[in-house]
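The values are calculated or read from the model by the stated rules, or taken from the named source; none is laboratory data. The model shown is predicted, which means the values in this text are computed figures rather than measured ones. Cβ coordinates were reconstructed from backbone atoms using ideal geometry, including for glycine residues, and neighbour counts include every protein chain displayed. All accessible areas refer to the heavy atoms of the entire protein, side chains included, with ligands and DNA or RNA removed. Shrake-Rupley method; radii C 1.70, N 1.55, O 1.52, S 1.80 Å.
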Amino acid sequence: MGPVLKRNGEELSADQWVLYAGGVDDGPPPNGDWLFAWPVWEAYSEKLAGRDRLALCLDTAFDAEKLAQVDLEQFRLIGIHFETFQDGRGLSLAVELRKHCHYQGELRALGDILPDMIDYLVRCGFDTFVVRNQEELAEARKNLSVMDHYYSASVTNPRPLFRNIRRQPL
Amino acid sequence: MYKYDQYDQRVVDQRVEQFRRQTHRYIEGKLTEEEFRPLRLHNGLYMQRLAPMMRIAIPYGLLSSEQLRMLALIARKYDKGYGHFSTRQNIQYNWLLLEEAPDILADLARVQMHAIQTSGNCIRNVTADQYSGVAHDENVDARPYCELVRQWSTFHPEFDWLPRKFKIAINGAQNDRAATDVHDIGLDIYKGEDGEPLFDVKVGGGLGRTPVIGRCIRKGLPVQHLLSYLEAVMRIYNRYGRRDNIYKARIKILVRALGAEVFARQVEEEWLKIRDDQIDVTEEELNRIARHFEPPELEPSPDCWPELEAEKEKKTAYGFWLKNNLFRHKVTGYVIVTLSLKAIGNPPGDATDVQMEGVADMADLYSRSEIRTTHEQNLILPHVRQTDLPKVFEAARKLGLAAPFTGTLADIVCCPGGDFCSLANAKSIPIAEAIQRRFDDLDYLHDLGPLDLNISGCMNACGHHHVGHIGILGVDKKSQEFYQVSLGGNSTQDSSLGTIVGPSFSSAEVPDKIAEILECYIDRRHSKETFLECYRRIGIEPFREAVYGASTKT
Ligand code: SF4
């Protein structure tokens with residue numbers, strides 16, 4: 001994986017998490033800092049439950065309703081994998097995880113992440129972003145503060161601009 | 001008019017700087033074409049057949065004279081001296097340089113304008129009735145709600161990467177001039193029993209290759225829930241709209257696949273989860289926005305309506321102009337004037353820098369410095385004293401903006417087509433001109449009565465041909481440009497989609513075929529029946545016979 005940017009602008013230096021490459025047919029996964037794809041987790045959830053360091057990786061098409069019965073607090077990390085940066089489903093999925101499933105742990109964006117959309121990802125509730133290289137990390141960092149304010153409410157700021165500040169009438 | 005405060009200004013200024021960096025990175029090769037493409041589209045920039053094209057937002061069609069002067073300046077400084085007003089009330093420039101695009105945006109920001117989200121798969125410029133706030137048949141002024149939606153949708157964290165583009169229109173008058181039935185979301189706003197504004201929400205309407213009339217999924221939504229409800233609709237669409245096929249990605253396909261009832265239920269479920277969040281507008285904010293749209297204080301001016309009626313009957317240039325280019329104002333003594341961008345030979349919707357500056361001057365003199373852009377690609381002066389009409393006519397005539405046939409057959413709505421657009425199947429501007437030249441007899445045009453003729457150069461339907469009383473669509477037949485004609489479309493409150501008459505025609509045939517259709521109407525109409533009413537009574541068959549002969553089966 002490439003460098004990982006945190007939403008406070010720092011780079012996450014000691015990051016161990018790796019996408020688990022095995023599938024359902026490969027038997028129970030060995031110990032390790034894995035991000036499990038949903039089918040693997042589903043198949044082995046009983047065996048995996050209780051492990052100390054668990055993480056999920058969802059694709060953007062994932063239906064958050066499947067998580068209704070799952071204790072999300074057991075995951076240190078949930079990743080959402082963007083096949084293409086233009087797939088906005090990942091944004092709504094993040095919002096649903098935060099707002100409807102009340103997931104509090106780390107939410108990470110992986111895959112085809114464009115530095116220019118970092119401020120959107122942050123506002124949808126992502127904490128960390130895997131980018132391609134140091135140059136993109138620098139660009140992504142700039143985009144963290146590209147705007148001083150936004151009009152609409154977001155996960156990070158549940159109040160729209162007009163509730164946050166007093167906008168002067170004419 | 002809405003005036004930016006420091007926050008609005010900061011948003012557009014910072015956006016300009018962001019786009020400047022992005023353009024720079026692209027030119028330096030640090031952003032690939034594929035990565036830069038959606039970024040430039042989100043800032044209104046297309047790569048067209050001949051040069052980059054930029055679409056600039058004119059929120060719900062409202063312009064100040066200062067802003068229009070800036071649009072003129074941009075035409076002169078960066079383009080070939082003209083711009084094209086589109087059917088979605090925006091303006092487009094066709095001959096730009098990529099390197100200069102950030103400078104154009106910076107110039108626009110100086111007059112509180114931008115090109116944010118004017119293309120790409122995001123929520124586009126919100127459109128409204130061009131007569132909002134001044135029309136005599138208005139229930140509620142739509143503009144404050146348009147501005148509310150504009151701000152909510154600008155850089156919304158979740159909805160900038162939708163399956164496809166998304167268009168919202170709001171209408172607050174008895175006659176729907178905003179074509180809300182054919183928008184992704186169409187909002188009808190009216191006053192409830194206690195005077196509070198309520199919304200009926202229609203979804204899944206649209207033109208393009210699968211034209212559909214929108215379905216109402218919620219009636220009587222109170223304004224304090226508007227944003228959370230819109231957010232619920234958008235979330236369902238963003239999650240479940242198709243992304244595998246761009247021709248099936250609009251919300252109308254999702255609504256049709258699920259059925260409007262199921263779609264409505266899903267939205268309702270989502271909405272219940274979020275309706276008590278803080279997304280929704282406060283009364284204070286709504287009042288703040290509404291204050292920007294308070295009607296100007298118009299000094300009393302004598303009512304000349306009876307005299308004008310008499311003048312209209314005179315077969316003078318002025319009389320014809322009065323007859324077609326006026327609309328009744330809320331305030332007695334005043335009138336709404338259409339300045340036509342349809343002079344014969346002028347590509348519909350095009351205006352030169354000189355014309356734009358001329359209109360800005362006219363607005364300063366005669367219309368409280370205010371201008372509107374229309375869905376029919378004309379300009380409007382919304383607050384003209386009836387007593388000023390002779391002077392306004394004279395000024396418009398000097399600028400070539402007094403074509404006296406607004407609302408008639410010659411007031412053609414037309415997309416840029418094959419002359420500019422890289423998606424086109426056929427040219428559209430020359431067809432518009434050929435039809436205008438063929439039917440240039442004012443008496444005949446007036447005898448034909450109200451007629452919407454719309455031309456699109458391809459199935460994307462930017463010329464809204466499906467909802468023209470007569471629609472013309474450019475098609476590609478063995479690499480030749482052909483034209484398919486449809487009849488009976490309509491975009492107002494009893495909206496309908498046109499029916500194709502039959503096999504398509506060559507460009508040379510089109511004016512004759514239109515003539516045959518019009519003759520058929522004149523032969524069959526009852527006394528005061530309009531073209532649309534007559535068509536609805538007699539159906540398509542008589543027109544088919546007129547065009548193809550009695551034996552043709554299609
Ligand atoms: S209808 Fe087709 S040809 Fe005309 S502007 Fe739209 S995309 Fe281009």
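Things worth noting here:
- Computed log₁₀ I(q)/I(0) - Debye formula, equal Cα scatterers, no solvent, chain B, q 0.07, 0.13 Å⁻¹: -0.39, -1.47
- DSSP beta bridges in the range B:413-548 [antiparallel fraction, %, rounded to 5]: 70
- Residue by residue along B:282-289, Cβ atoms of other protein chains within 10 Å of the local Cβ number 3 on average.
- Of the beta bridges in the protein assembly as shown, as assigned by DSSP with both residues counted there, near 65 percent are antiparallel.
- In this structure, A:Arg166 and A:Val18 have a Cβ-Cβ separation that, at R0 = 60 Å, corresponds to a calculated FRET efficiency of about 0.80.
- Estimated buried accessible area (total), pair A and B, 1.4 Å, Å² to nearest 100: 4600
- The residues of the range B:233-249 listed by number as losing at least 20 Å² of accessible area in the complex, against the isolated chain and with a 1.4 Å probe, are B:Arg235, B:Asn238, B:Arg239, B:Tyr240, B:Arg243.
- Across B:Lys219/B:Lys248; B:Lys167/B:Lys219; B:Lys167/B:Lys273, pairs whose alpha-carbon gap is larger than 23 Å: B:Lys219/B:Lys248; B:Lys167/B:Lys273
- Prolate/oblate/rounded call for the range B:1-83, Cα gyration tensor, a/c under 1.5 rounded: oblate
- Looking at chain A, the DSSP beta bridges with both ends there are about 20 percent antiparallel.
- Residues of the range B:390-418 with an amide N closer than 17 Å to a point placed 7 Å from the Cα of B:Lys314 along the Cα-to-Cβ direction: B:390-395, B:397, B:404.
- Selection from A:Tyr150, B:Ala179, B:Pro52 lying farthest towards where the dipole of the protein assembly as shown points positive, charges on Cβ: B:Pro52
- Of the residues B:Tyr366, B:Tyr318, B:Ala343, the one whose Cα sits farthest towards the positive end of the charge dipole of the range B:305-399 is B:Tyr318 (charges of +1 on Lys and Arg Cβ, -1 on Asp and Glu Cβ, taken about the Cα centre).
- Mean partner shielding of peptide B:6-18, defined as the number of other chain Cβ atoms within 10 Å of each residue Cβ, is 3.
- At least 30 Å² of accessible area lost relative to the chain alone, listed for the range B:133-174 with a 1.4 Å probe: B:Gln151, B:Phe155, B:Pro157, B:Glu158, B:Trp161
- Rg followed by Dmax, in Å, when the range B:135-292 is reduced to its Cα trace: 15.2, 47
- Shielding by partners for peptide A:153-160, expressed as the average number of C-beta atoms from other protein chains within 10 Å of each residue's C-beta, is 5.
- Calculated FRET efficiency for the pair B:Val475/A:Gln134, C-beta based, R₀ 51 Å, to 0.05: 0.50
- Normalised by residue count, the range B:131-197 yields a Cα convex hull volume of 103 Å³ per residue.
- Scaled to the globular estimate 2.2 N^0.38 Å, the Cα spread of the range B:305-399, given as radius of gyration, is 1.03.
- Residues of the range B:204-247 with amide N under 16 Å of a point placed 7 Å along Cα→Cβ from B:Thr32: none
- Size of electric dipole in the range B:305-399: Cβ of Lys, Arg +1 and of Asp, Glu -1, about Cα centre, debye, nearest 20: 320
- Contour excess over end-to-end distance, with Cα ends at B:Ile522 and B:His292 and 0.36 nm allotted per residue: 78.1 nm
- On a per residue basis, the protein assembly as shown carries 39 Å² of accessible surface, using protein heavy atoms and a 1.4 Å probe.
- Lysines whose Cα lies under 29 Å from that of A:Lys47, excluding same-chain neighbours fewer than 8 positions away: A:Lys66, A:Lys99
- Each pair of Cα atoms in the range A:4-164 enters the Kirkwood radius, and Stokes-Einstein at 37 °C and 0.692 mPa s then converts it into a translational diffusion coefficient of 200 µm²/s.
- Net charge of the neighbourhood of B:Ser491, taken over other residues with C-beta under 11 Å away and scored Lys/Arg +1, Asp/Glu -1, is -4.
- Placing dummy labels 7 Å off each Cα toward the beta-carbon, the span from B:Asn245 to B:Asp364 is 5.5 nm.
- Burial of accessible area (probe 1.4 Å, heavy atoms of protein chains only) in the range B:35-72, relative to its chain alone, reaches at least 20 Å² for B:Glu35, B:Pro38, B:Leu39.
- The range B:263-319 shape via C-alpha gyration tensor axes, a/c threshold 1.5: oblate
- Ranking B:His446, B:Val262, B:Ala410 by Cα position along the charge dipole of chain B, where only Lys, Arg, Asp and Glu carry charges on their C-beta atoms, puts B:Val262 farthest toward the positive end.
- The apolar share of the surface of the range B:413-548, taken as the fraction of accessible area on carbon and sulfur atoms (1.4 Å probe, ligands and nucleic acids excluded), comes to 49 percent.
- Rounded to the nearest 20, the size of the Cβ-charge dipole of chain B about its Cα centre is 1640 debye, with Lys and Arg at +1 and Asp and Glu at -1.
- Sorting B:Leu258, B:Leu399 on solvent-accessible area from highest to lowest, probe radius 1.4 Å, gives B:Leu258, B:Leu399.
- Once the Cβ-Cβ distance of B:His446 and B:Glu509 is raised to the sixth power relative to R0 = 30 Å, the FRET efficiency obtained is 0.70.
- Overall dimensions of the range A:1-88, expressed as equivalent-ellipsoid semi-axes from the Cα gyration tensor (√(5λ), whole Å, largest first), are 22, 17, 14.
- Rounded to whole Å, sorted largest first: equivalent-ellipsoid semi-axes of the range B:6-161, Cα gyration tensor: 27, 18, 14
- Dipole check for the range B:135-253: with +1 at the C-beta of Lys and Arg, -1 at the C-beta of Asp and Glu, and the Cα centre as origin, the magnitude is about 920 Debye.
- 20 Å reach of a label modelled at B:Lys77, 7 Å along Cα-to-Cβ, counting backbone N of the range B:345-377: B:351-361
- Over all distinct Cα-Cα pairs of the range B:74-187, the Kirkwood formula returns a hydrodynamic radius of 15.6 Å.
- Shape class for the range B:413-548: prolate, because the ratio a/c of the largest to smallest gyration tensor axis (alpha-carbon atoms, square roots of eigenvalues) is 1.5 or more and a/b beats b/c.
- Peptide packing: for B:247-256, B:323-332, the average count of neighbouring Cβ atoms within 10 Å per residue gives the ranking B:247-256, B:323-332, highest mean first.
- Span per principal axis, largest first, for the Cα atoms of the protein assembly as shown (Å): 91, 63, 57
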